[in-house]
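Down below is the structure, laid out as C-alpha coordinates.
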Amino acid sequence: MTRRLSLRRQLLLGILVPVVAIVSINTVSLYRQALRAANTAYDRTLLASAKSIGEELQVTGGGDQAKLSAAVSYAALEAFEADNRSRIFYKVTGFAGEMVSGFEDLPAWRGAIPTQGPYAALVDFYDDQYGGEPVRVAVLLQPVAGVEGQGMATIQVAETLELRHTLAQQILVATLWRQIALVAVIAVVVVLVVQRATRPVRRLSGQLSARSESDLSPIAAPDAPRELLPLVDATNQVMARLQRLLEHQKRFVRDASHQLRTPLAVLKTQVQSAQHGDLPAEQALQEIGATVERATRLANQMLSLAKVEQVQAQGPLVALDLSDVVSQVALDTAPLIAAKGLDFELQSAPIDVLGHDWMLRELTRNLLSNAVRETPPGGRLLVVVGDDNGTPMLRVCDSGPGLRPGSVEHLFEPFHTGHPTEGSGLGLAICRSICDALGARMKLVNRQPCGLDALVHFRAPA
(Lines give C-alpha, C1' and ligand atoms only; values in the text may rest on other atoms or scores of the structure.)
Protein backbone atom coordinates (compact mmCIF):
# COMPACT_ATOMS: atom_id res chain seq x y z
CA MET A 1 0.00 0.00 0.00
CA THR A 2 1.41 3.37 -1.04
CA ARG A 3 2.13 5.65 1.89
CA ARG A 4 0.40 9.00 1.50
CA LEU A 5 2.35 12.15 2.26
CA SER A 6 0.99 14.49 4.89
CA LEU A 7 -0.01 18.02 3.94
CA ARG A 8 2.93 19.37 5.92
CA ARG A 9 5.41 17.13 4.12
CA GLN A 10 3.92 17.99 0.74
CA LEU A 11 4.34 21.69 1.47
CA LEU A 12 7.93 21.18 2.65
CA LEU A 13 8.86 19.12 -0.40
CA GLY A 14 6.99 21.45 -2.75
CA ILE A 15 8.94 24.46 -1.45
CA LEU A 16 12.36 23.02 -0.59
CA VAL A 17 12.89 20.86 -3.68
CA PRO A 18 12.60 23.79 -6.14
CA VAL A 19 14.68 25.99 -3.83
CA VAL A 20 17.45 23.37 -3.59
CA ALA A 21 17.38 22.89 -7.37
CA ILE A 22 17.64 26.63 -8.02
CA VAL A 23 20.38 27.05 -5.42
CA SER A 24 22.34 24.15 -6.93
CA ILE A 25 22.13 25.64 -10.40
CA ASN A 26 23.12 29.03 -9.00
CA THR A 27 26.08 27.47 -7.17
CA VAL A 28 27.42 25.89 -10.36
CA SER A 29 26.91 29.14 -12.25
CA LEU A 30 28.68 31.21 -9.58
CA TYR A 31 31.56 28.74 -9.43
CA ARG A 32 32.07 28.86 -13.18
CA GLN A 33 31.94 32.65 -13.24
CA ALA A 34 34.49 32.89 -10.40
CA LEU A 35 36.75 30.37 -12.11
CA ARG A 36 36.61 32.33 -15.36
CA ALA A 37 37.46 35.51 -13.45
CA ALA A 38 40.43 33.76 -11.77
CA ASN A 39 41.69 32.40 -15.11
CA THR A 40 41.43 35.87 -16.61
CA ALA A 41 43.51 37.30 -13.75
CA TYR A 42 46.21 34.63 -14.02
CA ASP A 43 46.22 34.90 -17.82
CA ARG A 44 46.86 38.62 -17.42
CA THR A 45 49.88 37.76 -15.20
CA LEU A 46 51.20 35.39 -17.89
CA LEU A 47 50.84 38.16 -20.47
CA ALA A 48 52.70 40.61 -18.19
CA SER A 49 55.58 38.14 -17.88
CA ALA A 50 55.66 37.62 -21.66
CA LYS A 51 55.76 41.39 -22.21
CA SER A 52 58.57 41.75 -19.66
CA ILE A 53 60.60 39.16 -21.56
CA GLY A 54 59.81 40.88 -24.86
CA GLU A 55 61.11 44.20 -23.58
CA GLU A 56 64.55 42.64 -23.00
CA LEU A 57 64.96 41.19 -26.52
CA GLN A 58 67.62 42.68 -28.79
CA VAL A 59 68.54 42.37 -32.48
CA THR A 60 72.16 41.97 -33.59
CA GLY A 61 73.31 42.11 -37.17
CA GLY A 62 71.37 43.25 -40.17
CA GLY A 63 69.56 41.89 -43.16
CA ASP A 64 69.62 38.13 -43.48
CA GLN A 65 72.25 38.00 -40.71
CA ALA A 66 69.95 39.62 -38.16
CA LYS A 67 69.72 37.55 -35.03
CA LEU A 68 67.64 37.77 -31.89
CA SER A 69 69.24 37.68 -28.47
CA ALA A 70 67.54 37.52 -25.06
CA ALA A 71 68.80 38.26 -21.60
CA VAL A 72 65.84 37.27 -19.42
CA SER A 73 66.20 38.72 -15.95
CA TYR A 74 64.66 37.39 -12.79
CA ALA A 75 62.36 40.41 -12.66
CA ALA A 76 60.42 39.13 -15.70
CA LEU A 77 59.27 36.13 -13.69
CA GLU A 78 58.92 37.69 -10.26
CA ALA A 79 55.10 37.82 -10.54
CA PHE A 80 55.11 34.13 -9.53
CA GLU A 81 57.67 34.29 -6.77
CA ALA A 82 55.05 34.65 -4.02
CA ASP A 83 53.73 31.17 -4.66
CA ASN A 84 55.91 28.10 -4.52
CA ARG A 85 53.21 25.73 -5.77
CA SER A 86 53.20 26.87 -9.39
CA ARG A 87 56.14 26.53 -11.77
CA ILE A 88 56.90 28.82 -14.69
CA PHE A 89 58.44 27.92 -18.02
CA TYR A 90 59.25 30.13 -20.98
CA LYS A 91 60.60 29.89 -24.48
CA VAL A 92 61.74 32.57 -26.92
CA THR A 93 61.81 31.73 -30.64
CA GLY A 94 63.64 33.91 -33.18
CA PHE A 95 62.62 35.33 -36.51
CA ALA A 96 63.16 32.06 -38.35
CA GLY A 97 61.83 29.87 -35.61
CA GLU A 98 65.21 29.22 -34.06
CA MET A 99 65.56 28.65 -30.33
CA VAL A 100 66.75 31.79 -28.57
CA SER A 101 66.22 31.26 -24.85
CA GLY A 102 64.26 29.27 -22.27
CA PHE A 103 63.09 25.66 -22.23
CA GLU A 104 63.83 24.14 -25.61
CA ASP A 105 61.47 21.16 -25.13
CA LEU A 106 58.46 23.38 -24.46
CA PRO A 107 55.98 22.41 -27.24
CA ALA A 108 55.86 24.88 -30.10
CA TRP A 109 52.74 26.99 -30.65
CA ARG A 110 50.54 25.79 -33.51
CA GLY A 111 47.58 28.09 -33.13
CA ALA A 112 46.56 31.50 -34.48
CA ILE A 113 46.15 34.92 -32.97
CA PRO A 114 42.45 35.73 -32.27
CA THR A 115 41.06 38.42 -34.54
CA GLN A 116 39.27 40.14 -31.62
CA GLY A 117 41.21 39.38 -28.49
CA PRO A 118 40.63 40.94 -25.05
CA TYR A 119 44.07 42.61 -25.03
CA ALA A 120 45.76 45.19 -27.21
CA ALA A 121 48.53 42.76 -28.14
CA LEU A 122 49.19 39.85 -30.46
CA VAL A 123 48.52 37.23 -27.78
CA ASP A 124 46.90 33.81 -27.60
CA PHE A 125 46.11 31.63 -24.56
CA TYR A 126 45.73 27.88 -24.69
CA ASP A 127 46.00 24.69 -22.58
CA ASP A 128 48.77 22.17 -23.23
CA GLN A 129 50.90 19.44 -21.64
CA TYR A 130 54.55 19.82 -20.58
CA GLY A 131 56.60 17.31 -18.65
CA GLY A 132 53.51 15.14 -18.21
CA GLU A 133 51.57 17.93 -16.47
CA PRO A 134 48.81 20.24 -17.68
CA VAL A 135 49.93 23.83 -18.22
CA ARG A 136 48.39 27.12 -19.23
CA VAL A 137 50.37 28.90 -21.97
CA ALA A 138 50.41 32.49 -23.13
CA VAL A 139 51.92 33.18 -26.59
CA LEU A 140 52.98 36.71 -27.47
CA LEU A 141 54.14 37.81 -30.92
CA GLN A 142 56.52 40.63 -30.09
CA PRO A 143 57.89 42.95 -32.82
CA VAL A 144 61.61 43.57 -32.19
CA ALA A 145 63.63 46.25 -33.99
CA GLY A 146 67.30 47.20 -33.83
CA VAL A 147 69.60 49.63 -35.55
CA GLU A 148 70.43 47.21 -38.35
CA GLY A 149 67.41 44.87 -38.46
CA GLN A 150 63.92 43.97 -37.23
CA GLY A 151 61.56 40.99 -36.98
CA MET A 152 58.77 39.19 -35.06
CA ALA A 153 59.75 37.15 -32.01
CA THR A 154 57.56 34.43 -30.46
CA ILE A 155 57.47 34.36 -26.66
CA GLN A 156 55.80 31.47 -24.80
CA VAL A 157 55.21 31.56 -21.05
CA ALA A 158 53.69 28.43 -19.45
CA GLU A 159 52.44 27.93 -15.91
CA THR A 160 51.42 24.75 -14.09
CA LEU A 161 47.86 24.68 -12.71
CA GLU A 162 48.38 23.92 -9.01
CA LEU A 163 47.57 27.46 -7.93
CA ARG A 164 44.54 27.69 -10.20
CA HIS A 165 43.17 24.39 -8.88
CA THR A 166 43.70 25.53 -5.30
CA LEU A 167 41.89 28.79 -5.97
CA ALA A 168 39.06 26.95 -7.72
CA GLN A 169 38.61 24.68 -4.71
CA GLN A 170 38.57 27.65 -2.36
CA ILE A 171 35.97 29.38 -4.52
CA LEU A 172 33.87 26.21 -4.64
CA VAL A 173 34.02 25.64 -0.86
CA ALA A 174 33.21 29.27 -0.09
CA THR A 175 30.30 29.23 -2.55
CA LEU A 176 28.95 25.95 -1.21
CA TRP A 177 29.05 27.14 2.38
CA ARG A 178 27.11 30.27 1.53
CA GLN A 179 24.51 28.33 -0.48
CA ILE A 180 24.17 25.65 2.23
CA ALA A 181 23.64 28.38 4.81
CA LEU A 182 20.99 29.95 2.56
CA VAL A 183 19.18 26.61 2.10
CA ALA A 184 19.32 25.97 5.87
CA VAL A 185 17.78 29.37 6.61
CA ILE A 186 15.07 28.80 4.01
CA ALA A 187 14.36 25.29 5.41
CA VAL A 188 14.00 26.61 8.95
CA VAL A 189 11.69 29.42 7.82
CA VAL A 190 9.60 27.01 5.73
CA VAL A 191 9.28 24.53 8.60
CA LEU A 192 8.17 27.27 11.00
CA VAL A 193 5.70 28.75 8.52
CA VAL A 194 4.24 25.36 7.54
CA GLN A 195 4.04 24.35 11.20
CA ARG A 196 2.12 27.50 12.00
CA ALA A 197 -0.08 27.29 8.90
CA THR A 198 -1.10 23.66 9.54
CA ARG A 199 -1.78 24.16 13.25
CA PRO A 200 -5.55 24.71 12.69
CA VAL A 201 -5.69 21.51 10.63
CA ARG A 202 -4.05 19.49 13.40
CA ARG A 203 -6.30 21.09 16.02
CA LEU A 204 -9.38 20.33 13.92
CA SER A 205 -8.21 16.74 13.41
CA GLY A 206 -7.75 16.32 17.15
CA GLN A 207 -11.25 17.67 17.85
CA LEU A 208 -12.82 15.25 15.38
CA SER A 209 -10.85 12.30 16.75
CA ALA A 210 -11.98 13.11 20.29
CA ARG A 211 -15.67 13.21 19.34
CA SER A 212 -18.05 10.43 20.23
CA GLU A 213 -19.68 8.37 17.48
CA SER A 214 -23.04 10.07 17.95
CA ASP A 215 -21.74 13.65 17.97
CA LEU A 216 -22.67 15.14 14.60
CA SER A 217 -22.76 18.78 15.70
CA PRO A 218 -21.22 21.38 13.33
CA ILE A 219 -17.46 21.92 13.43
CA ALA A 220 -16.39 25.20 15.00
CA ALA A 221 -13.13 26.45 13.44
CA PRO A 222 -12.98 30.23 13.94
CA ASP A 223 -9.20 30.39 13.41
CA ALA A 224 -9.15 28.18 10.30
CA PRO A 225 -7.40 29.74 7.29
CA ARG A 226 -9.52 30.96 4.42
CA GLU A 227 -8.51 28.05 2.17
CA LEU A 228 -9.83 25.57 4.77
CA LEU A 229 -13.25 27.17 5.19
CA PRO A 230 -14.85 25.44 2.13
CA LEU A 231 -13.77 22.07 3.54
CA VAL A 232 -15.19 22.94 6.97
CA ASP A 233 -18.47 24.11 5.42
CA ALA A 234 -18.74 20.98 3.25
CA THR A 235 -18.02 18.77 6.28
CA ASN A 236 -20.70 20.55 8.29
CA GLN A 237 -23.18 20.01 5.45
CA VAL A 238 -22.37 16.30 5.32
CA MET A 239 -22.73 16.02 9.09
CA ALA A 240 -26.08 17.81 8.93
CA ARG A 241 -27.29 15.32 6.30
CA LEU A 242 -26.05 12.44 8.44
CA GLN A 243 -27.85 13.94 11.43
CA ARG A 244 -31.11 14.11 9.48
CA LEU A 245 -30.62 10.55 8.26
CA LEU A 246 -29.91 9.34 11.79
CA GLU A 247 -32.98 11.11 13.13
CA HIS A 248 -35.02 9.63 10.30
CA GLN A 249 -33.81 6.14 11.19
CA LYS A 250 -34.51 6.67 14.87
CA ARG A 251 -38.00 7.93 14.07
CA PHE A 252 -38.56 4.97 11.74
CA VAL A 253 -37.53 2.47 14.42
CA ARG A 254 -39.71 4.22 17.01
CA ASP A 255 -42.74 4.39 14.71
CA ALA A 256 -42.25 0.83 13.49
CA SER A 257 -42.08 -0.56 16.99
CA HIS A 258 -45.18 1.42 17.98
CA GLN A 259 -47.30 0.80 14.88
CA LEU A 260 -46.51 -2.89 14.41
CA ARG A 261 -47.11 -3.73 18.06
CA THR A 262 -50.90 -3.28 17.72
CA PRO A 263 -51.55 -5.55 14.67
CA LEU A 264 -49.18 -8.17 16.04
CA ALA A 265 -51.01 -8.13 19.38
CA VAL A 266 -54.36 -8.40 17.56
CA LEU A 267 -53.00 -11.25 15.43
CA LYS A 268 -51.79 -13.10 18.52
CA THR A 269 -55.20 -12.71 20.15
CA GLN A 270 -56.98 -13.94 17.04
CA VAL A 271 -54.73 -17.00 16.80
CA GLN A 272 -55.29 -17.84 20.46
CA SER A 273 -59.05 -17.39 20.01
CA ALA A 274 -59.03 -19.72 17.00
CA GLN A 275 -57.01 -22.28 18.92
CA HIS A 276 -59.53 -22.22 21.78
CA GLY A 277 -62.45 -22.59 19.39
CA ASP A 278 -64.09 -19.30 20.35
CA LEU A 279 -64.92 -18.60 16.70
CA PRO A 280 -65.74 -20.79 13.74
CA ALA A 281 -62.59 -21.71 11.78
CA GLU A 282 -63.65 -19.89 8.61
CA GLN A 283 -64.42 -16.66 10.45
CA ALA A 284 -61.19 -16.88 12.46
CA LEU A 285 -59.14 -17.35 9.27
CA GLN A 286 -60.85 -14.38 7.63
CA GLU A 287 -60.07 -12.15 10.60
CA ILE A 288 -56.46 -13.39 10.74
CA GLY A 289 -56.07 -12.82 7.01
CA ALA A 290 -57.41 -9.27 7.28
CA THR A 291 -55.04 -8.51 10.16
CA VAL A 292 -52.07 -9.94 8.24
CA GLU A 293 -53.02 -7.90 5.19
CA ARG A 294 -53.17 -4.66 7.23
CA ALA A 295 -49.85 -5.44 8.91
CA THR A 296 -48.23 -6.26 5.57
CA ARG A 297 -49.50 -3.03 4.01
CA LEU A 298 -48.28 -1.06 7.02
CA ALA A 299 -44.82 -2.68 6.90
CA ASN A 300 -44.49 -2.07 3.15
CA GLN A 301 -45.47 1.57 3.51
CA MET A 302 -43.05 2.08 6.37
CA LEU A 303 -40.25 0.53 4.30
CA SER A 304 -41.19 2.80 1.40
CA LEU A 305 -41.05 5.84 3.68
CA ALA A 306 -37.59 4.80 4.88
CA LYS A 307 -36.39 4.13 1.35
CA VAL A 308 -37.03 7.68 0.13
CA GLU A 309 -33.91 9.00 1.89
CA GLN A 310 -31.75 6.17 0.53
CA VAL A 311 -32.94 6.60 -3.06
CA GLN A 312 -32.44 10.37 -2.85
CA ALA A 313 -28.74 9.85 -1.97
CA GLN A 314 -28.08 7.55 -4.94
CA GLY A 315 -27.41 10.30 -7.43
CA PRO A 316 -28.86 13.23 -9.43
CA LEU A 317 -32.35 13.17 -10.90
CA VAL A 318 -32.79 12.28 -14.57
CA ALA A 319 -35.40 13.00 -17.22
CA LEU A 320 -38.18 10.36 -17.36
CA ASP A 321 -41.45 10.09 -19.28
CA LEU A 322 -44.17 10.50 -16.65
CA SER A 323 -46.87 9.04 -18.89
CA ASP A 324 -45.01 5.71 -19.18
CA VAL A 325 -44.61 5.45 -15.41
CA VAL A 326 -48.28 6.25 -14.71
CA SER A 327 -49.47 3.81 -17.39
CA GLN A 328 -47.43 0.96 -15.89
CA VAL A 329 -48.64 1.69 -12.35
CA ALA A 330 -52.25 1.89 -13.56
CA LEU A 331 -51.81 -1.50 -15.22
CA ASP A 332 -50.49 -2.97 -11.94
CA THR A 333 -53.48 -1.49 -10.07
CA ALA A 334 -56.02 -2.77 -12.61
CA PRO A 335 -57.10 -5.76 -10.45
CA LEU A 336 -58.06 -3.43 -7.57
CA ILE A 337 -59.94 -1.15 -9.96
CA ALA A 338 -61.78 -4.07 -11.54
CA ALA A 339 -62.63 -5.58 -8.16
CA LYS A 340 -64.62 -2.45 -7.23
CA GLY A 341 -66.07 -2.01 -10.74
CA LEU A 342 -64.80 1.55 -11.05
CA ASP A 343 -65.29 3.74 -14.12
CA PHE A 344 -61.58 4.33 -14.70
CA GLU A 345 -60.19 6.80 -17.26
CA LEU A 346 -56.55 7.64 -18.01
CA GLN A 347 -55.82 10.80 -20.00
CA SER A 348 -52.11 10.72 -20.75
CA ALA A 349 -49.71 12.60 -23.01
CA PRO A 350 -45.94 12.06 -23.20
CA ILE A 351 -44.15 14.55 -20.97
CA ASP A 352 -40.71 14.47 -19.34
CA VAL A 353 -40.07 15.26 -15.68
CA LEU A 354 -37.00 15.29 -13.45
CA GLY A 355 -37.19 12.30 -11.15
CA HIS A 356 -36.22 8.81 -10.11
CA ASP A 357 -38.06 5.77 -11.47
CA TRP A 358 -38.82 4.22 -8.07
CA MET A 359 -39.95 7.53 -6.57
CA LEU A 360 -42.32 8.30 -9.46
CA ARG A 361 -43.78 4.77 -9.29
CA GLU A 362 -44.22 4.90 -5.52
CA LEU A 363 -45.82 8.35 -5.66
CA THR A 364 -48.27 7.30 -8.37
CA ARG A 365 -49.03 3.97 -6.63
CA ASN A 366 -49.88 5.64 -3.32
CA LEU A 367 -52.07 8.32 -4.93
CA LEU A 368 -53.87 5.75 -7.07
CA SER A 369 -54.29 3.29 -4.17
CA ASN A 370 -55.76 6.03 -1.96
CA ALA A 371 -58.13 7.06 -4.76
CA VAL A 372 -59.26 3.45 -5.36
CA ARG A 373 -59.83 2.96 -1.63
CA GLU A 374 -61.84 6.19 -1.28
CA THR A 375 -63.96 5.75 -4.43
CA PRO A 376 -67.20 3.83 -3.76
CA PRO A 377 -67.98 0.72 -5.88
CA GLY A 378 -68.99 1.70 -9.37
CA GLY A 379 -67.70 5.26 -8.90
CA ARG A 380 -65.61 7.26 -11.33
CA LEU A 381 -61.79 7.51 -11.13
CA LEU A 382 -59.87 9.88 -13.42
CA VAL A 383 -56.07 10.13 -13.84
CA VAL A 384 -54.60 12.95 -15.97
CA VAL A 385 -50.97 13.32 -17.09
CA GLY A 386 -50.20 16.48 -19.02
CA ASP A 387 -48.99 20.05 -19.10
CA ASP A 388 -50.30 22.80 -16.82
CA ASN A 389 -49.10 26.13 -18.22
CA GLY A 390 -45.67 24.72 -19.06
CA THR A 391 -45.36 22.62 -15.87
CA PRO A 392 -45.61 18.80 -15.96
CA MET A 393 -48.65 17.68 -13.95
CA LEU A 394 -50.18 14.53 -12.48
CA ARG A 395 -53.84 14.72 -11.38
CA VAL A 396 -55.76 11.93 -9.62
CA CYS A 397 -59.51 12.56 -9.15
CA ASP A 398 -61.68 10.20 -7.10
CA SER A 399 -65.40 10.34 -6.34
CA GLY A 400 -65.13 9.59 -2.64
CA PRO A 401 -66.36 11.62 0.33
CA GLY A 402 -63.44 14.09 0.17
CA LEU A 403 -61.68 15.65 3.14
CA ARG A 404 -63.19 16.60 6.46
CA PRO A 405 -62.90 20.33 7.28
CA GLY A 406 -59.67 21.17 9.12
CA SER A 407 -57.94 17.87 8.34
CA VAL A 408 -55.67 19.14 5.55
CA GLU A 409 -53.10 20.53 7.98
CA HIS A 410 -52.33 17.10 9.47
CA LEU A 411 -52.91 14.85 6.46
CA PHE A 412 -49.24 14.65 5.50
CA GLU A 413 -48.10 13.66 8.99
CA PRO A 414 -47.18 9.97 9.42
CA PHE A 415 -49.94 7.76 10.86
CA HIS A 416 -52.57 10.48 10.59
CA THR A 417 -55.70 9.48 8.69
CA GLY A 418 -58.04 12.18 7.42
CA HIS A 419 -60.82 10.00 6.04
CA PRO A 420 -63.43 7.75 7.58
CA THR A 421 -62.16 4.60 5.89
CA GLU A 422 -59.41 2.42 7.22
CA GLY A 423 -55.78 3.20 6.50
CA SER A 424 -52.36 3.39 8.06
CA GLY A 425 -51.91 7.11 7.58
CA LEU A 426 -48.61 6.66 5.70
CA GLY A 427 -49.65 7.00 2.05
CA LEU A 428 -49.77 10.79 1.90
CA ALA A 429 -46.69 11.06 4.16
CA ILE A 430 -44.79 8.97 1.60
CA CYS A 431 -46.11 11.18 -1.20
CA ARG A 432 -45.01 14.34 0.57
CA SER A 433 -41.51 12.92 1.25
CA ILE A 434 -41.16 11.94 -2.41
CA CYS A 435 -42.35 15.36 -3.61
CA ASP A 436 -39.81 17.05 -1.34
CA ALA A 437 -37.05 14.83 -2.73
CA LEU A 438 -38.10 15.55 -6.34
CA GLY A 439 -38.66 19.26 -5.82
CA ALA A 440 -42.33 18.81 -6.75
CA ARG A 441 -45.41 20.54 -5.28
CA MET A 442 -48.51 18.64 -4.13
CA LYS A 443 -51.93 19.85 -3.00
CA LEU A 444 -55.30 18.29 -2.20
CA VAL A 445 -58.55 20.02 -3.23
CA ASN A 446 -62.14 19.00 -2.35
CA ARG A 447 -64.40 18.84 -5.39
CA GLN A 448 -68.10 19.64 -5.26
CA PRO A 449 -70.41 17.93 -4.62
CA CYS A 450 -68.04 15.10 -3.68
CA GLY A 451 -64.62 13.84 -4.52
CA LEU A 452 -60.99 14.77 -4.04
CA ASP A 453 -58.36 15.99 -6.48
CA ALA A 454 -54.69 15.17 -5.75
CA LEU A 455 -52.58 17.48 -7.90
CA VAL A 456 -48.77 17.21 -8.28
CA HIS A 457 -46.63 19.64 -10.29
CA PHE A 458 -43.14 18.36 -11.24
CA ARG A 459 -39.90 19.99 -12.32
CA ALA A 460 -39.30 19.92 -16.06
CA PRO A 461 -35.84 19.02 -17.42
CA ALA A 462 -33.72 22.04 -18.31
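A quick yes/no check of all residues on (1) closer than 30 Å to Trp109 by Cβ; (2) surrounded by 15 or more Cβ atoms within 10 Å (Cβ to Cβ); (3) of a type outside the set (Asp, Glu):
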site: Gln156; (1), (2), (3): yes, yes, yes
site: His165; (1), (2), (3): yes, no, yes
site: Val173; (1), (2), (3): no, no, yes
site: Ala184; (1), (2), (3): no, no, yes
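Taking the listed residues Ala158, Ala187, the one that is small (Gly, Ala, Ser) and assigned by TED's automatic domain parsing to the domain that holds Ala37 is Ala158, with no other qualifying.
A quick yes/no check of all residues on (1) surrounded by 19 or more Cβ atoms within 10 Å (Cβ to Cβ); (2) modelled with pLDDT of 90 or more:
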site	(1), (2)
Gly378	no, yes
Leu381	yes, yes
Gly390	no, no
Leu394	yes, yes
Asp398	yes, yes
Glu422	no, no
Ala429	yes, no
Ile434	yes, no
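Of the residues making up the stretch 314-354, those that are within 25 Å of Arg373 (Cβ to Cβ), among the charged types (D, E, K, R) and assigned to a strand (DSSP E or B) are Asp343, Glu345.
Of the residues making up the stretch 118-140, just one is touching a Ser or Thr at 6+ places or on another chain (Cβ under 6 Å) and under 17 Å from Glu104 (Cβ atoms), namely Val135.
When the residues of the stretch 294-333 are filtered to those that are of a type in the set (A, V, I, L, M) and at pLDDT 90 or above, which remaining residue is farthest from Ala265 (Cα to Cα)? So, considering only residues that are of a type in the set (A, V, I, L, M) and at pLDDT 90 or above, the one farthest from Ala265 (Cα to Cα) is Ala319.
Across the stretch 33-46, a minimum of one residue is classified as out of contact with any strand residue (DSSP E or B) (no Cβ under 9 Å at 6 or more places or on another chain), modelled with pLDDT of 80 or more and of a type in the set (Val, Ile, Thr).
Candidates Arg244, Arg254: the one that is of a type in the set (D, E, K, R) and modelled with pLDDT under 75 is Arg254.
Just one of the numbered conditions (1) over 30 Å from Met99 (Cβ atoms); (2) touching a helix residue (DSSP H, G or I) at 6+ places or on another chain (Cβ under 8 Å) is not true of Ala174: (2). Does any residue in the stretch 261-290 that is without any contact (Cβ under 8 Å) to a residue 40 or more places away in the chain come within less than 9 Å, Cβ to Cβ, of a residue that is surrounded by 14 or more Cβ atoms within 10 Å (Cβ to Cβ) and of a type in the set (Lys, Arg) six or more places away or on a different chain, and which pairs are these? Once the first residue is without any contact (Cβ under 8 Å) to a residue 40 or more places away in the chain and sits in the stretch 261-290, its partners that are surrounded by 14 or more Cβ atoms within 10 Å (Cβ to Cβ) and of a type in the set (Lys, Arg) give Pro263/Arg294; Val266/Arg294. Applying the condition of being surrounded by fewer than 22 Cβ atoms within 10 Å (Cβ to Cβ) and of a type in the set (A, V, I, L, M) to the stretch 439-451 and asking which residue is farthest from the chain's Cα centre (by Cα) yields Val445. Those strands (runs of 3 or more DSSP E) of the stretch 110-212 in which at least 2 residues are of a type in the set (A, V, I, L, M) and touching a residue at least 24 places away in the same chain (Cβ under 8 Å), considering only elements entirely within it, cover 133-145, 150-160. Looking at this structure, is Glu282 at pLDDT 75 or above, outside the structural domain of Ile430 (by TED's automatic domain parsing) and not polar (S, T, N, Q)? For Glu282, the condition - at pLDDT 75 or above, outside the structural domain of Ile430 (by TED's automatic domain parsing) and not polar (S, T, N, Q) - is met.
The values are calculated or read from the model by the stated rules, or taken from the named source; none is laboratory data. Fair warning: this is a prediction, and the values are worked out from it, not measured in the lab. Note: ideal-geometry Cβ built from the backbone for every residue, glycine included; neighbour counts use all protein chains shown.
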